[in-house]
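Peer 1: The structure follows.
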Amino acid sequence: MREKHKATLTGIFSDPVSGTIPWTDIEKMMAAFGAEISEGRGSRVRVFLNGVRAVFHRPHPERETDKGAVKSVRRFLMAAEITPGKED
């Protein structure tokens, strides 16, 4: 895993919750973990990782993910057993 992906993962799990993580960085990080990512309708993105499924909405028109979406991604990653320090 690249350092950029590790930094994104650390940002997702940081407190206070960050509202400045670009959505593309989150998608690339999930793909690096082996997630299956597919397009849904509109801005929906379906993600399947370690037996866990989720649907997220890409932010638009801005590129940064808001705090609520970052919390949702954090919950999804925890359910998929991906946390900082456990990523390898």
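The values are calculated or read from the model by the stated rules, or taken from the named source; none is laboratory data. This structure is a prediction, so every number in the text was calculated from the model and none was measured. Here Cβ is always computed from backbone atoms with ideal geometry, including for glycine, and neighbour counts include all displayed protein chains.
Peer 1: Evaluate the following for Ala79: is it at pLDDT 95 or above, within 11 Å of the chain's Cα centre (by Cα), over 16 Å from Thr8 (Cβ atoms) and surrounded by 12 or more Cβ atoms within 10 Å (Cβ to Cβ)? Even if it seems obvious, please write down each step before you answer.
Peer 2: Details: at pLDDT 95 or above: yes; within 11 Å of the chain's Cα centre (by Cα): no; over 16 Å from Thr8 (Cβ atoms): yes; surrounded by 12 or more Cβ atoms within 10 Å (Cβ to Cβ): yes.
Criteria not met by Ala79.
Peer 1: Out of Met29, Met1, I need the residue that is in a helix (DSSP H, G or I) and touching a helix residue (DSSP H, G or I) at 6+ places or on another chain (Cβ under 6 Å). Which one?
Peer 2: On the way: Met1 fails: in a helix (DSSP H, G or I).
Selected residue: Met29, the only one of Met29, Met1 that is in a helix (DSSP H, G or I) and touching a helix residue (DSSP H, G or I) at 6+ places or on another chain (Cβ under 6 Å).
Peer 1: Let me ask you something else. From the residues in the range 7-27 that are of a type in the set (D, E, K, R) and surrounded by 17 or more Cβ atoms within 10 Å (Cβ to Cβ), which one is nearest to Arg58 (Cα to Cα)?
Peer 2: Among those that are of a type in the set (D, E, K, R) and surrounded by 17 or more Cβ atoms within 10 Å (Cβ to Cβ), it is Glu27.
Peer 1: So the check is Cβ under 6 Å with 6+ separation or different chains; which pairs have a first residue in the range 47-68 that's without any contact (Cβ under 8 Å) to a residue 24 or more places away in the chain and a second one that's in a loop (DSSP other than H, G, I, E, B)?
Peer 2: As it stands, the answer is His57/Ser43; His60/Ser43, since those pairs meet every condition given.
Peer 1: Does any residue of the range 31-45 turn out to be at pLDDT below 95 and in contact with a Ser or Thr (Cβ under 6 Å, 6 or more places away or on another chain)?
Peer 2: The answer is no, given that none of the residues of the range 31-45 is at pLDDT below 95 and in contact with a Ser or Thr (Cβ under 6 Å, 6 or more places away or on another chain).
Peer 1: Oh, and also: Looking at Arg53 and the list (1) surrounded by 14 or more Cβ atoms within 10 Å (Cβ to Cβ); (2) within 14 Å of Met78 (Cα to Cα); (3) not polar (S, T, N, Q), which single condition is not satisfied?
Peer 2: For Arg53, the exception is condition (1).
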